[in-house]
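S.K.: Please read through the structure below; I'll follow up with questions.
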Amino acid sequence: MRRSFAVVTDSTADLPNEWRDRYEIEIVPLKVLFGQETFRDRVDMTDEEFFRRLAASTSLPTTSAPSPGEFADVYRRLAQDHDGCISIHIGAQLSATAEAARVGASSVDGFTVNVVDSETVSMPIAFLCRIAAESSSLAEATAAVEQRVPRCRVLALLDTLRYVEMGGRVSRAQAMIGTMLDLKPLLLVANREIKSVDRVRTRSRAIARMIEFVRAEQPVERLAVMHAQAPEEAEAIAAQLRNKFPDLEVPVGQIGCVLGTHTGPKALGLVYIKTQSR
Amino acid sequence: MAALKATGVDGQLFKRALLGSLNWLAANHEEVNRLNVFPVPDGDTGTNMLLTLQSAVEDVKESNAAEVSKIAKLASHGSLMGARGNSGVILSQIFRGFARAVEGKGSLTPAELATAFEEAANAAYRAVNKPTEGTILTVAREAGRAAATAASSPEASVPRVIAAAAAGARAAVLKTPSQLQILRDAGVVDAGGYGLQLILEGMLKSMEESEPAPSSIAETRRPASPASQVSLDLPEGGWGYCTEFLIEGDNLDTELIRGQIESLGNSVLVVGEPELVKVHVHTDDPTSVINLAGGYGKLLKLNVGDMSTQHRRILETAGAASGARPARANGVGLVAVVAGRGLVEIFKGLGVDAIIEGGQTMNPSTKDMLTAIESVPYDEVLLLPNNGNVIAAAKQVVGLTKKKLHVVETHSVPQGVSAVVAFRPERRGDENLRAMKAEAERVQTIEVTHAVRDTRSNGVRVKKGDVIGLINDRLEFAGDDYPEVVKKALGKLGPDAYELVTVYRGEQASDDELARLESEIRTNYPGLEVEVQQGDQQHYPFILSVE
């Protein structure tokens, strides 16, 4: 039976193509600007091309949210064969995307759009989309997603702070690292905040700490490993995690262009949704 | 009074004996320094003992107390505050044991003096975790035994007991190489033991000089400023003043005085005895502090320092400690002992609130560390000595501050960096201590320097000037140039087990030497990442952290 409501997200959800197709999820792209050139995330440029350009580029690209008009177009199209839609987006503390969606939705009459500010980024949003898509009604989907928003976590290891600093999202002070030593901060995105939860000197220590951190966060109901151009490491981490969390699927996902602009290459992330405490 | 001098040790005689010790050690401390068994340029034993003794005598000089117990107490307290290096800390414990043994006594018989010497040695043994024979401990004990033997003779006198103690010390010092392999290897006697021998010999000299040196009397008569005449201009919005002085009086109540002074400032330190109390306070209103204290007795050694200047010296390094950096949630401050401009910047950048300049050849005193700890705006502090020779003095601070102090026993700069990196502001102090210690132990330290003397250590024979490489404080390699020694040291550690080498470049290392060292590491160990940091440390052209 065809679902009566649509599920919409944006390109920062790092939604795997396979999920997009299976669950018929609509992705609205954010934009990446290399100087004068504008690319739609995951549409005009593949992730591989993006990271190649990022590494080669002397100036950093900038990113921008979709316009309200672009959202309105999508909602209008979906209104033709759906009763309503849930539109789940990157945290409003990080991007204007959710706000653009809200404004866009208000211009489409007679079509219910439940915009959800996920307060997070990357694959936790993809998980929320799946949960929504598996729900039997828009109301149920919205409730299931909204109650999980406060439990979404992104634990990120950046190979360098250069990109996130240039992007203005995190300062060195926030990351608790000085300007002298090449420290690797572990950043946690949770409940509208980005905070440094640890800092270490070497990548392998950092990875070990990430795994320890997530183990201490148990129980979790969804867990994935994200990477920016570090697939082997990500697979190895996922294999370890599947051992430790035998009930979980632990997919490996690729960090997309927009997020990649801020994380830089070689970033790794453990993203998860904590289980609701009883 | 001549009769009393011959038969008993009163306060002024003991004071003279201590001044004699100081003069004799001062004249000979370089000789003690040369007894260093290690070829590395580190905190010299003679200098550390001399500075500790100077601090012991500092307050004694001001006192006219007739009772030996009072002078001994002052010496005990002063030495504790001034303790530097391991030998200095042990010396302070010797003074402490002596002061305990003579408590309540106005004058000592020869037998009582001998007992006090023995008690002093016992206290020193108790203070050390794993007492080692062939060190200052053995020398202290043998001096005590010899003194006891002399005291039991019918012709016992104070000069004879002291002479016996000095002779016992000398004999024990000569035996130290037979007790300790490292001394035998290096062909020297124990430096700390020799320092103690000099202290006892100095006492003996003061006995032999029948008349006390007039200068030492003159020095004791420094006029104190009458409280009523002190007036100071206060700058607006300044740091306030670091105000320090001694109160000499009767039945002084340190608790009561502390309570009153605390209402006038912060970083309050009030320590001492009923007759003499040392006060330290940071205040905007030194005049009131001085007026208050003046009510208890005579003020001595009044020193009011403008903290804006002091801050530049000790606390500038604290960077944002009191300014931009927000207060930490866990209420735990970080204080580290560091030397070298670059290393100071690194530790500051990692969030350390106050830095005590010092380390390798310049071991900070207990008091230096205490002052820094009192200066940070936290009631709980983690202290990183970052040098094996500073740890003992750092531990002494625990008993001197009202703050909750944890010493993270870091033996080197790399251990210190690893420990600080592991500090988390949301974690409790004891949890941080555990985590920091664990991280410090994961890192390996390679230090590269030049031998300052010919010696043999850990089976390695070195010539003065050789490049030497130490792994975790143990001498492992000697050679002609830095890259070669570092390559061997990394090879010994087994580079496959490590990822990252951080090279802290010292003041002496040239660009070319650095480039050659880097390329040697990269060529021989391509699996290791190499990061270079400007450390500007003295004496060690390179310190490497391997993790």
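S.K.: Do we have any residue at all in the range B:494-503 that's surrounded by 20 or more Cβ atoms within 10 Å (Cβ to Cβ), within 21 Å of B:Ile346 (Cα to Cα) and either in contact with a Phe, Trp or Tyr (Cβ under 9 Å, 6 or more places away or on another chain) or free of Cβ contacts under 8 Å to residues at least 40 places away in the same chain (or both)?
M.R.: Yes, there is a match, as at least one residue in the range B:494-503 is surrounded by 20 or more Cβ atoms within 10 Å (Cβ to Cβ), within 21 Å of B:Ile346 (Cα to Cα) and either in contact with a Phe, Trp or Tyr (Cβ under 9 Å, 6 or more places away or on another chain) or free of Cβ contacts under 8 Å to residues at least 40 places away in the same chain (or both).
S.K.: Please state which of the following conditions A:Arg222 fails to meet, knowing it meets all the rest: (1) over 23 Å from A:Glu146 (Cα atoms); (2) surrounded by 22 or more Cβ atoms within 10 Å (Cβ to Cβ).
M.R.: (1)
S.K.: Please name all residue pairs, on different chains or six or more residues apart, with Cβ atoms under 7 Å, provided the first residue is in the range B:246-257 and is in the same structural domain as B:Glu273 (by TED's automatic domain parsing) and the second residue is assigned to a helix (DSSP H, G or I).
M.R.: Hits for this filter: B:Leu246/B:Asp59; B:Ile247/B:Ala293.
S.K.: Let me ask something else. Regarding A:Val103, is this residue in contact with a helix residue (DSSP H, G or I) (Cβ under 9 Å, 6 or more places away or on another chain) and under 19 Å from A:Ala190 (Cα atoms)?
M.R.: In short, no.
S.K.: Right, another one. Of everything in the range B:233-274, what is assigned to a loop (DSSP other than H, G, I, E, B), of a type in the set (D, E, K, R) and at pLDDT 80 or above? Give them in sequence order.
M.R.: Correct list: B:Asp250, B:Asp253.
S.K.: If A:Glu48 meets every condition in (1) over 19 Å from the mean Cα position of the chain (by Cα); (2) surrounded by fewer than 16 Cβ atoms within 10 Å (Cβ to Cβ); (3) closer than 17 Å to A:Thr263 by Cβ apart from one, which number is that one?
M.R.: So A:Glu48 meets the others, but not (1).
Residues are listed down the side, and each one gets a yes or a no for (1) under 24 Å from B:Val37 (Cβ atoms); (2) away from chain A (no Cβ under 14 Å); (3) out of contact with any helix residue (DSSP H, G or I) (no Cβ under 9 Å at 6 or more places or on another chain):
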residue	(1), (2), (3)
B:Lys367	no, yes, no
B:Leu400	no, yes, no
B:Gln444	yes, no, no
B:Arg456	yes, yes, no
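S.K.: Quickly run through the range B:326-373 and pick out the residues that are acidic (Asp, Glu) and assigned to a helix (DSSP H, G or I).
M.R.: Within the range B:326-373, B:Glu345, B:Asp368 meet the criteria.
S.K.: Only one of these is within 36 Å of the chain's Cα centre (by Cα) and either within 12 Å of B:Gly342 (Cβ to Cβ) or more than 12 Å from chain A (Cβ to nearest Cβ) (or both): B:Asp512, B:Asp536. Name it.
M.R.: That would be B:Asp536, the only listed residue that is within 36 Å of the chain's Cα centre (by Cα) and either within 12 Å of B:Gly342 (Cβ to Cβ) or more than 12 Å from chain A (Cβ to nearest Cβ) (or both).
S.K.: Considering only strands (runs of 3 or more DSSP E) fully contained in the range A:1-47, which possess at least 1 residues that are touching a Gly at 6+ places or on another chain (Cβ under 7 Å) and of a type in the set (Phe, Trp, Tyr)?
M.R.: Counting at least 1 such residues, we get A:5-10.
S.K.: Residues to consider are A:Val116, A:Val121; find the one that is in contact with a strand residue (DSSP E or B) (Cβ under 7 Å, 6 or more places away or on another chain) and in a strand (DSSP E or B).
M.R.: Going through A:Val116, A:Val121 in turn, the sole match is A:Val116.
S.K.: Oh, and also: Looking at A:Val115, is it surrounded by fewer than 17 Cβ atoms within 10 Å (Cβ to Cβ) and of a type in the set (A, V, I, L, M, F, W, C)?
M.R.: So A:Val115 does not fit the description; no.
S.K.: So which helices (runs of 4 or more DSSP H) are wholly in the range B:94-192 and hold at least 2 residues that are surrounded by 22 or more Cβ atoms within 10 Å (Cβ to Cβ) and in the same structural domain as B:Gly11 (by TED's automatic domain parsing)?
M.R.: Those helices (runs of 4 or more DSSP H) span B:110-127, B:136-151, B:158-179.
S.K.: For the range B:434-461, which positions are small (Gly, Ala, Ser) and assigned to a loop (DSSP other than H, G, I, E, B)?
M.R.: Correct list: B:Ala451, B:Gly459.
The values are calculated or read from the model by the stated rules, or taken from the named source; none is laboratory data. These numbers were taken from a predicted model, which means no experiment stands behind them. Using ideal geometry, Cβ is built from the backbone for each residue, glycine included, and neighbour counts are taken over all protein chains shown.
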